[in-house]
Amino acid sequence: MQFKCFCGTRGSKSEDELKSFQEVVLNPNAPFGGLYTLNKLPKFSKEEIEKFAKLNYKELSRGIFACLNLGIDIELLDKALALYDGFDEKDNPAPLEQIEEDLSIQKLYCGPTRAFKDMALQPFGEIFSSFIKESTQKYLILVATSGDTGPATLESFADKKNIQVICLYPKDGTSDVQRLQMSTNTAKNIKVFGIDGDFDMAQSVLKELLKDEDFQEALKEQDIALSAANSVNFGRIAFQMIYHIYASLKIYEDTKKEAVIIVPSGNFGNALGAFYAKMMGFPIKKIWIASNKNNILTEFIQSGIYDISNKSLQKTYSPAMDILKSSNIERVLFALFGAKRTRELMEDLDKKKVYQITTQELEKIQKYFSATFCEDTFCLEVLKTYANKKIIIDPHTACGIKAYLELKENGEENPMILCSTAEWTKFAPTLARAFGFGELGDKEALEKISKDFAVQISSQISSLFSKEEVHTQSLQKEEVKESILKWLKGE
C-alpha cells in the first residue's frame, strides 16, 4: 500500500495534496521550488527505543521504515538492504570505532566508492529501479556532486534498465581519485560532465533543469521522465536516518547516555538524518555541525542569519563541504516553522541572497544544533596528530575533530560520535602535505602513506589508476541543457 505521507516544504498547490514515497522518489520536484518531506514523524517511547536497541542494522532499518509508513514492500526492502552485504562488514555497514575515551568515529565509508553516500545510494538505486520495473517509462536521473555523490550514484545505477544518468561535477573542485571514479565509469547509460564552476553552480544547474518546462517537454518527446539522486530526493534521506539511529542506540546501550553527534557538513543531508532521529526521540543530545572556512552553516546556527550575498566559494582541503547554498536546511525550517514561513525564507534567499530568522526561531534551531568551523591549517595539524597515533582519517573527519575539541573545552560529559564521511584514500595528496611529504600526486601519495603507516589502499581505489578516462568533456553552465539533450539522442 502506498501511504500518502509527504508534503512540500513550501506548501502545496492543493491543501490536501500529499504524495507517497514512491511518487517523491520518482519525481522529487516539489511545488513552488521546494523539497518533499514527511508531513509528520513518529515519536518513540523509551520502551520502544530500548526494543530498537536490541536489533541488528537490517532489523532496525525494517522497523524504522515500517513506522515511517513508507509503504515499501518488505521483499524489496530486504533486497535493497542486502546490498550492504558487499560492504567491509556484512552485518555492520556503519561500524563504530573508539578513538578517544569519549569519542567514537562512525565509519560510513565501507561501501564500494569509499564514502558515506554509499550508505544511502546503494539501497536507493535498488528501490528506484524496482519502482519502475513494471513500467515502460524511461527515466533520466540528474546528479550534481562535490565529489562523493557522483561516484556513488554512478555505481548504484550503472547499467540499470530504463535509467540514464547525467552527473555534473565542478571540473577543478574534486580530488583526482573522485574524478577518476566518475570519468572511468564505462556503463553505457551514464554521462559525466565537468562544469566550469563550483559545486553551487553545478547544484544550481540541476535545480534549474528540474524546474525547466522546456527541458521536461523535450524529454517527454523522447518518453523520458526526470528525477534526481542528490539529497533533494527524500529516498536518500530515508536511509541516512538509520545509521544515526543505529549509532546513538549502540552508545546508549553501552553508557545509558545520549550521544552528541558531530557531522562534517556542507549540503546538510547527513545532518538532516540526525535531526530527524533526534526528533523521533532517539538518544541524541545534540548535533554539532563542523564546516570548513565556507562556514555559512556555522554563521547561521550561531546568529540566525543565512547570508551569501557577499560570499564567494573558497576551495579547501575538505572539498565535499565547499558549498554555500545548503539544500537540506530547508527541511529543518519546515519541520520547526512550517511551510508558510519556510517559503518566505527561501524566497528571500533566492531573491536577496540572505534571510534571517527571529530570536525565538533561532532558539528552536539551537535546541538541536551547535556549530563550528575549521581552517585548512588546523585540518592539516589534526591529520598529522592522529596519524602519529596510527589513526589515519580524511580531511572532513579532521574538521569534525575541531568540534570534538571545542566540546571537550566546554566540559561536555556525554559520549560523542563523529561521522567519518570518507576514507583517507580519496584525499591522499592532502594527507601527504600534512605529513610533510611534499606535493605528491594521488598515486604517489597513496603509495607513500600506505608504506609509511602500514595501511592498505582499498582495491576500489588502487584499480582506478589503470583505467582509461572516458568522460573528459567540460561545459559552461549555458551548454549543459543542450549537451544533455544531444547525448540522449545519441548525437
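The values are calculated or read from the model by the stated rules, or taken from the named source; none is laboratory data. Bear in mind that the values here come from a model prediction, so they are computed numbers and not experimental data. Don't worry about glycine lacking a Cβ; one is built from the backbone with ideal geometry, like all the others, and counts go over all protein chains shown. Note: areas computed on protein heavy atoms with side chains; ligands, DNA, RNA excluded. Shrake-Rupley method; radii C 1.70, N 1.55, O 1.52, S 1.80 Å.
Name the residue that is nearest to Asp394 (Cα to Cα), counting only residues in the stretch 79-125 that are in contact with a Leu (Cβ under 9 Å, 6 or more places away or on another chain), assigned to a helix (DSSP H, G or I) and not charged (D, E, K, R). Within the stretch 79-125, the match that is nearest to Asp394 (Cα to Cα) is Met119. Restricting to the stretch 67-83, name every residue that is among the small types (Gly, Ala, Ser) and modelled with pLDDT of 95 or more. The answer is Ala80, Ala82. Taking the criterion of being open to solvent by less than 50 Å² (accessible area, probe 1.4 Å), in a loop (DSSP other than H, G, I, E, B) and basic (Lys, Arg), no residue of the stretch 45-59 qualifies. Would you mind stating whether Asp159 is in a loop (DSSP other than H, G, I, E, B), more than 25 Å from Gly490 (Cβ to Cβ) and open to solvent by 10 Å² or more (accessible area, probe 1.4 Å)? No, not satisfied. For the stretch 35-64, the set of residues classified as aliphatic (A, V, I, L, M), closer than 23 Å to Ser231 by Cβ and out of contact with any Lys or Arg (no Cβ under 7 Å at 6 or more places or on another chain) consists of Leu38, Leu41, Leu60, Ile64, listed by residue number.
Is it the case that some residue within the stretch 24-31 is in contact with a Cys (Cβ under 8 Å, 6 or more places away or on another chain), part of a loop (DSSP other than H, G, I, E, B) and open to solvent by 70 Å² or more (accessible area, probe 1.4 Å)? Within the stretch 24-31, not a single residue is in contact with a Cys (Cβ under 8 Å, 6 or more places away or on another chain), part of a loop (DSSP other than H, G, I, E, B) and open to solvent by 70 Å² or more (accessible area, probe 1.4 Å).
Listed conditions (1) assigned by the TED database to the domain that holds Glu299; (2) in contact (Cβ under 8 Å) with a residue 12 or more places away in the chain; (3) out of contact with any Leu (no Cβ under 7 Å at 6 or more places or on another chain) are all met by Asp452, apart from (1). Here Lys54, Lys43, Lys90 are screened, and the one residue that is touching a residue at least 12 places away in the same chain (Cβ under 8 Å) and outside the structural domain of Ala152 (by the TED database) is Lys43. Within the stretch 32-44, the set of residues being closer than 21 Å to Leu345 by Cα and open to solvent by less than 30 Å² (accessible area, probe 1.4 Å) comprises Gly33, Gly34, Leu35, Tyr36, Thr37, Leu38. The set of residues in the stretch 298-329 that are open to solvent by 10 Å² or more (accessible area, probe 1.4 Å), part of a helix (DSSP H, G or I) and in contact (Cβ under 8 Å) with a residue 60 or more places away in the chain comprises Gln302, Pro319, Ala320.
Residues of the stretch 167-184 being outside any helix (DSSP H, G or I) and either surrounded by fewer than 23 Cβ atoms within 10 Å (Cβ to Cβ) or in the same structural domain as Lys443 (by the TED database) (or both), which ones? Matches in the stretch 167-184: Lys171, Asp172, Thr184.
Screening the candidates Ser12, Ser20 for the property of being under 20 Å from Thr342 (Cβ atoms) and of a type outside the set (A, V, I, L, M, F, W, C) yields one hit, Ser12. Only one entry in Ala53, Ala30 is hydrophobic (A, V, I, L, M, F, W, C) and either over 25 Å from Ser327 (Cβ atoms) or modelled with pLDDT of 95 or more (or both), namely Ala53.
For the stretch 203-254, enumerate the residues that are small (Gly, Ala, Ser), assigned to a helix (DSSP H, G or I) and open to solvent by 20 Å² or more (accessible area, probe 1.4 Å). Passing the criteria: Ser204, Ala218. Quick one: which of Ser303, Ser291, Ser327 is at pLDDT below 95 and either on the phi < 0 side of the Ramachandran plot or of a type outside the set (Gly, Ala, Ser) (or both)? Sole residue among the options that is at pLDDT below 95 and either on the phi < 0 side of the Ramachandran plot or of a type outside the set (Gly, Ala, Ser) (or both): Ser327.
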